[in-house]
Amino acid sequence: MKLEQIAPKLPLEKYEENFADLNPLLTPQQALIAASRCLYCFDAPCIVACPTRIDVPSFIRKISTGNLTGSARVILSANVLGESCGRVCPTEVLCEGACVLNGTGERPVEIGRLQRYAVDYAVSRGFNPLRAGTPNGQRVACIGSGPASLACAAELAGRGYAVEIFDRNAAPGGLNTYGIAAYKSRAEDSLREVRLVENVGVRIHQGVEVTGDPRIVEGRESKVEGTASAMVDGSRSAIQREPSTEGAASTFDLQPSTFNLQQAPSRIALSELESQYDAIFIGVGLGETWDLQLPGEGLRGVCGAMEFIERTKSRPFAGIDVGRRVAVIGAGNTAVDVVTAARRLGAEAVYMIYRRGEDSMPAFAYEYELAKQDGVIFLWNTQPLAILGHEGAVTGLQCARTRLEGRGRFARVDIEPGSNFVLEVDMIVKALGQQPMTEFLRSIPGIELRSGRVVVDSATHQTANPKYFAGGDCVNGGREVVDAVAEGMAAARGIDAWLGHELTVDS
Amino acid sequence: MPDLAVNFAGITSPNPFWLASGPPSNTAGQVMRAFDAGWGGAVWKTIGEPVINTTSRYGGIDYGPQKLMGFNNIELISDRPIEDNLCEIAEVKKRYPRHAVIASLMVESRREAWHEMVKRAEDAGSDGLELNFGCPHGMSERGMGAAVGQVPEYTTMITEWVKEVARTPVIVKLTPNITDVTRIAVAAEQGGADGISLINTINSLMGVDLDTLAPRPTVAGKSSHGGYCGPAVKPIALNMVAACARRVKIPISGIGGIATWSDAAEFVALGASSLQVCTAVMHYGFRMVEDMIEGMESYLASKGLARLDDLVGRAVPNVADWGDLDLNYKIVAEINPDLCIGCHLCYVACEDGAHQCIEEYPASASGKRIPRIIKDECVGCNLCALVCPVHGCITMEEIDTGKPVFTWKDRAREQRQQTGIAYTPSLWGE
């Protein structure tokens with residue numbers, strides 16, 4: 001991406017400093033002190049506040065008694081991505097928000113950090129509490145290798161199913177690998193968790209596109225080897241993309257990877273999956289960022305938020321070009337990930353542009369704080385009108401001030417007449433949320449979509465086509481990692497119940 | 001300001017806070033720094049034929065992140081020559097005439113040996129003598145320390161030997177490693193002791209290293225039982241001090257887990273007229289006495305007491321035999337719903353650990369999950385209030401039963417009158 005003006009590169013050590021772990025791993029002493037603050041509540045509200053119902057008081061007590069592998073067992077058996085959740089969960093609105101210590105005016109127990117501590121301790125010593133169940137002869141395919149599929153696959157493997165995951169990216173983990181701010185989690189952290197799932201016998205095929213067309217299986221099995229700075233192709237709506245010799249490599253600079261990026265994705269047809277597997281789990285997540293629908297959107301220097309974050313997760317920071325002046329459109333949590341990353345990569349002026357007011361900002365309060373601390377400039381009540389360019393590259397964003405009628409996020413937004421102005425920028429990042437993978441989802445026979453989301457039974461996560469189950473962002477429209485895990489596990493139980501029922505009828 | 005000055009069996013000091021015999025009172029340098037920091041007296045580390053100590057010597061028990069809830073040692077008496085210790089006592093007394101310096105003594109159980117040691121210590125200028133009949137480890141295997149203090153006859157005999165020659169007050173230090181400490185207290189009193197001090201340390205093994213299976217504190221892979229002390233032993237010490245206060249007339253110097261002015265005040269209320277501190281000083285240093293003095297002064301002032309002596313023994317009459325407790329007295333727990341944070345520790349504690357008198361969060365209008373006491377079932381045991389993490393949330397409220405005082409002794413008496421059969425042994429003074 002050739003930008004009009006590229007922000008000057010920083011000294012190498014400055015990048016690591018800027019993207020250093022926001023909440024570093026606790027030391028043993030810190031963990032003991034943090035754990036000892038837990039009251040060990042009976043029927044604790046933090047458990048109920050966790051979508052995956054991790055037994056928080058139990059795992060924290062095990063930290064305080066020094067039984068760290070037992071602590072990790074409690075966490076991982078409820079949530080195989082417990083370490084990631086410990087890093088990225090909005091704990092303030094989940095477990096820690098429910099902590100009874102809030103009622104005493106004290107700080108809540110640092111549940112998220114303790115959770116990460118316990119899992120890190122155990123997993124870094126080669127401990128994996130998950131066990132494959134006795135094989136029951138049944139096979140399940142999971143489409144997508146993000147949190148929902150990983151959780152579903154791990155749970156099914158524990159129940160004796162042969163599970164295979166098909167994913168079109170180069171590296172597994174989905175948004176957990178590619179979509180989380182680098183100062184919260186690195187790609188290798190996610191890949192370590194994927195290995196836990198692989199180690200219970202789940203086979204993960206990377207670079208495989210699942211299509212509606214019947215084709216021959218050419219999936220390669222990828223063995224996750226940890227250190228990879230994994231690379232993804234630029235397009236997340238790869239479903240329409242023809243296999244190309246350039247493949248994923250064409251969009252970004254690639255790093256040496258264990259994921260055989262250079263090869264084009266192979267394909268497998270849904271009909272093929274249906275004939276080979278007893279049930280299919282759809283965990284495809286969401287697709288490309290929504291377009292702005294503005295003139296100039298095709299100019300160099302305009303990109304989507306997820307694509308921008310992916311770059312920070314898959315290549316050296318110094319190799320990522322960022323504009324000197326960057327406008328980010330949107331004010332959600334992903335928009336915060338982008339503005340903070342842009343600042344930390346060296347952008348001199350980063351604008352967050354939102355057509356409503358500060359009080360309607362969708363991002364969590366602590367995310368907003370992060371952006372403020374990074375010196376982001378907030379343009380509230382500002383509507384982008386057109387992207388301006390010179391010789392094919394972005395040079396500015398034409399905006400107008402807005403006037404709101406009504407309150408909150410549903411207020412009507414009008415343009416303030418005569419308030420137009422031009423913001424001189426070199427890069428524009430769209431952070432308006434991701435589109436559903438409508439085209440792919442429509443190709444699945446019999447499943448029902450509502451507003452692009454897969455409609456499922458809330459308890460079993462079964463779709464209208466009984467052979468298909470679904471969970472994660474493609475069902476909930478885009479929520480937290482922990483929600484995807486909870487839905488993947490619910491679907492696994494749903495699959496087990498459904499196949500068990502079928503077996504009973506057959507015999 | 002209330003007067004904290006002490007006259008303990010004739011030993012005077014500006015305040016009741018003395019260093020207990022132990023590592024903090026090992027040298028003149030330490031004792032003088034302690035006096036400068038505000039300590040009123042010091043019982044010198046026990047003097048006797050010099051020993052050889054081990055490394056390591058101390059062990060600790062932490063409670064969560066709180067260090068040294070309990071502490072122990074396998075250190076013996078002074079490993080310095082008797083003459084060095086006595087010279088230093090003389091020097092300290094010369095420089096600090098108003099402060100109490102008490103020589104703690106332990107020699108072999110021979111009359112002449114005790115006579116000689118007593119004379120030397122008094123010649124050095126010590127204000128009093130403390131006979132170490134309590135050390136539970138090392139010395140006791142050699143027929144000294146607790147080996148004396150565990151046998152009433154030996155205690156009386158050696159106290160008598162000392163009193164034959166002593167010109168200064170004699171304090172006998174008691175070991176808690178015995179079935180009934182008051183029998184030894186009485187034995188000391190009978191031997192002519194001018195006061196007693198208690199408790200010495202409790203026999204203990206601090207733990208086992210689960211990697212090496214070496215007990216702690218470890219000496220080349222092995223350990224031996226040692227003396228336990230620190231905050232954890234305070235309730236044991238309070239009970240023994242109170243028991244002695246009810247049995248003997250001579251003054252009591254309180255020892256055992258004292259770390260704050262309020263610990264000290266409790267000992268005083270239960271009969272101690274001077275206080276000795278060791279473990280807390282080993283943890284935090286001499287400076288802590290400043291708060292002990294100020295806290296004690298302000299407590300006495302708040303209760304309108306002019307002198308420390310006015311507090312001595314004031315709680316002793318409230319220490320009763322179980323058979324004298326009123327069986328008709330009734331309290332029940334009450335949960336303040338505004339303070340409750342919903343941890344339900346009271347519920348599970350009562351349900352699993354006590355008497356099943358708490359209902360689990362019945363529906364409340366606010367949606368807050370607050371356990372409820374079943375008042376008719378509540379036995380008033382305190383457990384819920386003890387486990388509640390919020391100060392003042394669960395209180396024990398007195399219920400007027402309208403019934404007269406009725407004790408177990410009353411009940412036994414009634415039954416005997418009705419049936420002619422004594423249900424209760426006469427231990428409780430029938």
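Brief remarks on what is shown
- A:Ala132 being under 30 Å from A:Ala269 (Cβ atoms), at pLDDT below 95 and part of a loop (DSSP other than H, G, I, E, B): no
- Count of residues meeting criterion [out of contact with any strand residue (DSSP E or B) (no Cβ under 7 Å at 6 or more places or on another chain) and not in a loop (DSSP other than H, G, I, E, B)] in the stretch B:126-154: 10
- Any hit, the stretch A:268-290, residues being more than 30 Å from A:Ala492 (Cα to Cα) and at pLDDT 50 or above: yes
- Checking B:Arg369 against (1) within 14 Å of chain A (Cβ to nearest Cβ); (2) at pLDDT 95 or above, the condition it does not meet: (2)
- Flag if B:Ala232 is surrounded by fewer than 22 Cβ atoms within 10 Å (Cβ to Cβ) and within 20 Å of B:Ala146 (Cβ to Cβ): yes
- Filtered by the rule that a residue be in a helix (DSSP H, G or I) and of a type in the set (Phe, Trp, Tyr), the stretch A:155-211 gives a lone residue, A:Tyr178.
- Residue ranges of strands (runs of 3 or more DSSP E) in the stretch B:209-317 with at least 3 members small (Gly, Ala, Ser): B:272-277
- Test result for B:Gly367, touching a residue at least 60 places away in the same chain (Cβ under 8 Å), of a type outside the set (A, V, I, L, M) and surrounded by fewer than 19 Cβ atoms within 10 Å (Cβ to Cβ): no
- The stretch A:93-114: number of residues that are within 14 Å of chain B (Cβ to nearest Cβ) and either among the small types (Gly, Ala, Ser) or in contact with a His (Cβ under 8 Å, 6 or more places away or on another chain) (or both): 4
- Of all the listed residues (A:Ile387, A:Ile444, A:Ile377), the sole one being over 22 Å from the mean Cα position of the chain (by Cα), crowded, with 22+ Cβ neighbours inside 10 Å and assigned by TED's automatic domain parsing to the domain that holds A:Gly319 is A:Ile387.
- A:Arg409 falls short on exactly one of the conditions (1) in the same structural domain as A:Ala342 (by TED's automatic domain parsing); (2) under 27 Å from the mean Cα position of the chain (by Cα); (3) not in a helix (DSSP H, G or I), and that condition is (3).
- Selection from the stretch A:323-374 of residues that are surrounded by 24 or more Cβ atoms within 10 Å (Cβ to Cβ) and of a type in the set (Ser, Thr, Tyr): A:Thr334, A:Thr340, A:Tyr354
- Positions within the stretch B:171-210 being free of Cβ contacts under 8 Å to residues at least 60 places away in the same chain and among the β-branched types (Val, Ile, Thr), in sequence order: B:Val172, B:Thr175, B:Ile178, B:Thr179, B:Ile184, B:Ile196, B:Val208
- Enumeration of residues in the stretch B:210-251 that are polar (S, T, N, Q) and in contact with a strand residue (DSSP E or B) (Cβ under 6 Å, 6 or more places away or on another chain): B:Ser223
- Of the listed requirements (1) away from chain B (no Cβ under 12 Å); (2) among the basic types (Lys, Arg); (3) more than 25 Å from the chain's Cα centre (by Cα); (4) farther than 30 Å from A:Leu299 by Cα, A:Lys9 misses just one: (4).
- Verdict on B:Ala385 being more than 14 Å from chain A (Cβ to nearest Cβ) and without any contact (Cβ under 8 Å) to a residue 12 or more places away in the chain: no
- For the stretch B:388-405, filtered to residues that are surrounded by fewer than 14 Cβ atoms within 10 Å (Cβ to Cβ) and assigned to a loop (DSSP other than H, G, I, E, B), the residue that is nearest to the other protein chains (Cβ to nearest Cβ) is B:His391.
- Close pairs (9 angstrom Cβ cut-off, 6 or more residues apart or separate chains): surrounded by fewer than 24 Cβ atoms within 10 Å (Cβ to Cβ) in the stretch A:164-187, at pLDDT 95 or above and assigned to a strand (DSSP E or B) anywhere: A:Glu164/A:Arg139; A:Glu164/A:Val140; A:Glu164/A:Ala141; A:Glu164/A:Cys142; A:Glu164/A:Arg203; A:Glu164/A:Ile204; A:Glu164/A:His205
- Of the residues in the stretch B:181-188, none is more than 23 Å from the chain's Cα centre (by Cα), closer than 23 Å to B:Ala100 by Cα and surrounded by 16 or more Cβ atoms within 10 Å (Cβ to Cβ).
- Sub-8 Å Cβ pairs linking a first residue in the stretch B:45-71 that is within 14 Å of chain A (Cβ to nearest Cβ) and under 30 Å from A:Ala34 (Cα atoms) to a second residue that is in a loop (DSSP other than H, G, I, E, B) and at pLDDT 95 or above, at least 6 apart or interchain, are B:Met69/B:Gly230, ordered by first then second residue.
- Test set (1) touching a Lys or Arg at 6+ places or on another chain (Cβ under 7 Å); (2) touching a residue at least 12 places away in the same chain (Cβ under 8 Å) - A:Gly70 fails condition number: (2)
- Top-ranked residue of the stretch B:348-362 - restricted to ones that are in contact with a Lys or Arg (Cβ under 9 Å, 6 or more places away or on another chain) and crowded, with 16+ Cβ neighbours inside 10 Å, ranked as farthest from the other protein chains (Cβ to nearest Cβ): B:Cys357
- Check on A:Val93, outside the structural domain of A:Gly472 (by TED's automatic domain parsing), touching a residue at least 60 places away in the same chain (Cβ under 8 Å) and surrounded by fewer than 21 Cβ atoms within 10 Å (Cβ to Cβ): yes
The values are calculated or read from the model by the stated rules, or taken from the named source; none is laboratory data. Note that the structure is a prediction, hence the values are computed from the model and not measured. Cβ atoms come from the backbone with ideal geometry, glycine included; neighbour counts cover every protein chain shown.
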